[in-house]
Amino acid sequence: MKKAKQRQLLKLLTLLLIFVGLWSYFYNYTSKNSFVGISLAKANKTWRIRSIKNASAASQSQLKVGTRLLKVDQNNPANLTGVEQLLLVKKAKTLVIEKNHKVERIRLKKVSVTKAYYLLSVVSLFIIGGIIFLLQNSSGQQVEQNYFRLLSLLALGLVALVPSSLGNYLGRLVIISFISLLPVYLEKLLRVKGGSGRWTDCLKLWAIVNIGGYLLGLMVKLPYGWYYYINVGLFYLFLLVVAVMLGFYGVMKGTIACQVYSLNRKIIYAA
């Protein structure tokens, strides 16, 4: 029992150290960078604005979705690693666009998202408080360990959300890890007792591909389709996977509940 408590304490200290380290780094990054709020899509070797985030510098300008982007601070978008790898403009003071067959220069205002970062940090701290409560009352069962991992991912993911939207590579790595690993632990929690763990193996492989592919894409140039998947398609696939998982296990548990109810009725009538 003493060793189990020591392991739980070690897990908690590790989580807190990771949280404090990430929070400090992300706070420094967030406080120094403006929220441009432009995501891009590549079409026929040109870059166009795919979306404009609310409460961003771009939303306060004359920019519109579909506008062709020619330059970012005098640089060709194709030469900026943030644009190529994250499909968004990380930093910019001026943009050169093509509008109605005319070239225009747009100057962006500086927009801070530090308040949003504070808010998400507070929510993350509440989740860590829940983790501390969970570990204090833990009996060492596997299901509790899965809850611990799930909540830890959520706490770290919330802290990384704002810097990820600003184009921070580490922040994006945390978000991709969160999206990729959350279904793994969710599946373990939802799985009917005695059920197959094949889903878990498939989800683990999917997570390895996502995280490994993202890191590889930072080191070498990969096809545009991969960057579009990892920055856009991954989120929608994640929602689909979770929806299918909840529906599948919901039906299975409902079926088992009906079978148990029918069995109990037979036993009662037989008695």
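The values are calculated or read from the model by the stated rules, or taken from the named source; none is laboratory data. Given the structure is predicted, the values throughout are model-derived calculations rather than measurements. Methodologically, a virtual Cβ is constructed for each residue, glycine included, from the backbone with ideal geometry; neighbour enumeration extends over all protein chains shown. Just the protein is used for accessible areas: all its heavy atoms, side chains included, with ligands, DNA and RNA removed. Shrake-Rupley method; radii C 1.70, N 1.55, O 1.52, S 1.80 Å.
Observations, loosely collected:
- Residues in the stretch 153-180 that are of a type in the set (V, I, T) and in contact (Cβ under 8 Å) with a residue 40 or more places away in the chain: V159, V162, V174, I176, I179.
- Candidate set from the stretch 187-206 (those that are assigned to a loop (DSSP other than H, G, I, E, B) and open to solvent by 40 Å² or more (accessible area, probe 1.4 Å)); member that is modelled with the lowest pLDDT: G194
- Pairing each residue of the stretch 21-42 that is at negative phi with any residue that is outside any loop (DSSP other than H, G, I, E, B) and open to solvent by 40 Å² or more (accessible area, probe 1.4 Å), provided the two are 6+ apart or on different chains, yields C-beta distances under 6 Å for S39/R50; L40/R50; A41/R48; A41/R50; K42/Y224.
- Test: residue in the stretch 46-61 that is in contact (Cβ under 8 Å) with a residue 40 or more places away in the chain, on the phi > 0 side of the Ramachandran plot and within 26 Å of the chain's Cα centre (by Cα): yes
- Test for N146: is it at pLDDT below 80 and of a type outside the set (A, V, I, L, M): yes
- Where a residue in the stretch 117-134 is under 14 Å from L153 (Cα atoms) and its partner, wherever it lies, is hydroxyl-bearing (S, T, Y) and open to solvent by less than 60 Å² (accessible area, probe 1.4 Å), with Cβ under 9 Å and at least six apart: I127/S152; I128/S152; I131/S152
- Residue that is most open to solvent (accessible area, probe 1.4 Å), among those in the stretch 98-156 that are of a type in the set (S, T, N, Q) and part of a helix (DSSP H, G or I): Q136
- Taken together, V184, V209, V159 contain a single residue that is part of a helix (DSSP H, G or I), modelled with pLDDT of 95 or more and surrounded by 18 or more Cβ atoms within 10 Å (Cβ to Cβ), which is V159.
- Pair list, Cβ < 9 Å and 6+ apart or interchain, from the stretch 222-250 residues that are in a helix (DSSP H, G or I) to residues that are open to solvent by 40 Å² or more (accessible area, probe 1.4 Å) and among the basic types (K, R): Y224/K42; Y227/K42; Y228/K42; V232/R50; Y249/R191
- Residue identified as at pLDDT 90 or above and over 20 Å from I175 (Cα atoms) among I18, I38, I49: I49
- Close pairs from the stretch 6-17: first within 13 Å of Q145 (Cα to Cα), partner surrounded by fewer than 17 Cβ atoms within 10 Å (Cβ to Cβ) and of a type in the set (V, I, T), Cβ under 7 Å, at least 6 apart: L12/I132
- Residue count for the stretch 21-35, restricted to those that are more than 15 Å from L170 (Cβ to Cβ) and open to solvent by less than 30 Å² (accessible area, probe 1.4 Å): 2.
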